[in-house]
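Written below as structure tokens is the structure these notes are about.
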Amino acid sequence: MNMFVVYLAAVLGLTHASSSWAQNAYPDKQIRLVVGFSAGGPTDLPARFIAEHLTNNLGKKVLVENKTGAGGQIATQDVLSKPKDGYNLLLCTHFEAINAAVYRNINYKLSDIAPISQISRYYYAVVLTSELPPNNWESFVSYAKANPGKLNYGMIGRGSAQELLALELGKFAGIQMVGVPYKGGTEMMGDLLAGRVQMYVSPTGPIIPMVKTGKLKILSVSSPERLAVLPDAPTMQEKGVPFVRFGWLGICAASGTPSNVINVLNHAITDIVQMPEYKDMIEKAGSIPLASKPEELSKIMMDTYDQTLKVVNEYGLNVNQ
């Protein structure tokens, strides 16, 4: 009798566990991947590739939704306001960390975000309008020192990565420049090509064609080693400037999302990032395909925040919402 009771309890326990697993199997419905920037852009295209192949790998539709505005904040807040069950994902970027450091009254903390995996990394290039005489970093620094406060650099809004990086470089070089804010890269690029803005710290992807056709001059890149897509561009480290900076894209969820769901997504995303088709697409855009463990992306996010906060505090760049 005792053996029967033990057996019955074991069967009931197994049945309950199986039932519980079945009820909690992930995923069992459509998943949203929210992108904070416009369709067809450098964040949207990788997101759509990831979503398409997650759909295939997980057996449930992964739908990309673009919720633009406020440097990605609208998308971030949208995801964080939804149930923490893995069905609302964020195409997270370095902007989450930058925004948290720049804006005083932002509606989230970095601890509210659960990193899943990095999906790409890109470096920056220091470019000049072809209207300016200098052709290398050293001659640009000499020219800027001879014309203090007369050179402009483009930035995509106050507290943007472009402003932060230009300020850091100016400090390293001991030069004074004036930041000119733009609403978007297209407007700024027109003025840079026309010589109304002289310098820009740009993600490498958008400027590669213009550098190769001679419409822009490239002085250096922010990578630790020379980039395959720009082999003639020296690194800042080669120029004696300890300046290694990168932007990144990743997939995140809201904190509180079950760890087993994070693990399922991490493994699936890692497989996708290793696909030759993904690698080809990312490298053609001037970026590097990279996957990571959640804790690695968490460290990258915190490092981005700390680095940004240091510059924000030094130059008083805090912005009220």
I need the full set of residues from segment 123-172 which are among the aromatic types (Phe, Trp, Tyr) and either at positive phi or touching a helix residue (DSSP H, G or I) at 6+ places or on another chain (Cβ under 9 Å) (or both), in order please.
Tyr123, Tyr124, Trp137, Phe140, Tyr153
Report, by residue number, each residue of segment 38-82 that is more than 20 Å from Lys279 (Cβ to Cβ), in contact (Cβ under 8 Å) with a residue 40 or more places away in the chain and not in a helix (DSSP H, G or I).
Lys82
Taking the conditions exactly as written (without any contact (Cβ under 8 Å) to a residue 40 or more places away in the chain and aromatic (Phe, Trp, Tyr)), does Tyr108 satisfy them or not?
yes
Only one of (1) at pLDDT 95 or above; (2) under 25 Å from Asn320 (Cβ atoms); (3) touching a Lys or Arg at 6+ places or on another chain (Cβ under 9 Å) does not apply to Asn136, and that is (2)
Within segment 180-206, which residues are of a type outside the set (A, V, I, L, M) and closer than 22 Å to Leu227 by Cβ?
Gly185, Tyr200, Ser202, Pro203, Thr204, Gly205, Pro206
Among the residues of segment 283-297, the number that are assigned to a helix (DSSP H, G or I) and either surrounded by 19 or more Cβ atoms within 10 Å (Cβ to Cβ) or at positive phi (or both) is 2
When Tyr200 is evaluated against the numbered criteria (1) more than 22 Å from the chain's Cα centre (by Cα); (2) closer than 22 Å to Pro42 by Cβ; (3) of a type in the set (Phe, Trp, Tyr), which criterion, by number, is the only one it fails?
(1)
Does Leu249 satisfy the condition of being part of a helix (DSSP H, G or I) and either surrounded by 17 or more Cβ atoms within 10 Å (Cβ to Cβ) or modelled with pLDDT of 95 or more (or both)?
no
Tally time: how many residues in segment 101-131 are of a type outside the set (S, T, N, Q), out of contact with any Asp or Glu (no Cβ under 9 Å at 6 or more places or on another chain) and under 30 Å from Glu283 (Cβ atoms)?
11
Looking at Ser255 and the list (1) small (Gly, Ala, Ser); (2) crowded, with 18+ Cβ neighbours inside 10 Å; (3) closer than 30 Å to Leu80 by Cα, which single condition is not satisfied?
(2)
Whether any residue in segment 46-64 is in the same structural domain as Asn260 (by TED's automatic domain parsing) and more than 21 Å from Asn266 (Cβ to Cβ) is what I want to check.
no
Flag for Glu277 being under 15 Å from the mean Cα position of the chain (by Cα) and at pLDDT 95 or above
no
Selected residue (criterion: farthest from the chain's Cα centre (by Cα)) from residues of segment 213-268 that are more than 22 Å from Val126 (Cβ to Cβ) and free of Cβ contacts under 8 Å to residues at least 24 places away in the same chain
Ser259
Would you mind stating whether Leu58 is surrounded by fewer than 17 Cβ atoms within 10 Å (Cβ to Cβ), in contact with a Phe, Trp or Tyr (Cβ under 9 Å, 6 or more places away or on another chain) and not small (Gly, Ala, Ser)?
yes
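The values are calculated or read from the model by the stated rules, or taken from the named source; none is laboratory data. Bear in mind the structure is a predicted one, so any value in this text is a computation, not a measurement. Positions of Cβ are backbone-derived with ideal geometry, glycine not excepted, and every protein chain shown enters the neighbour counts.
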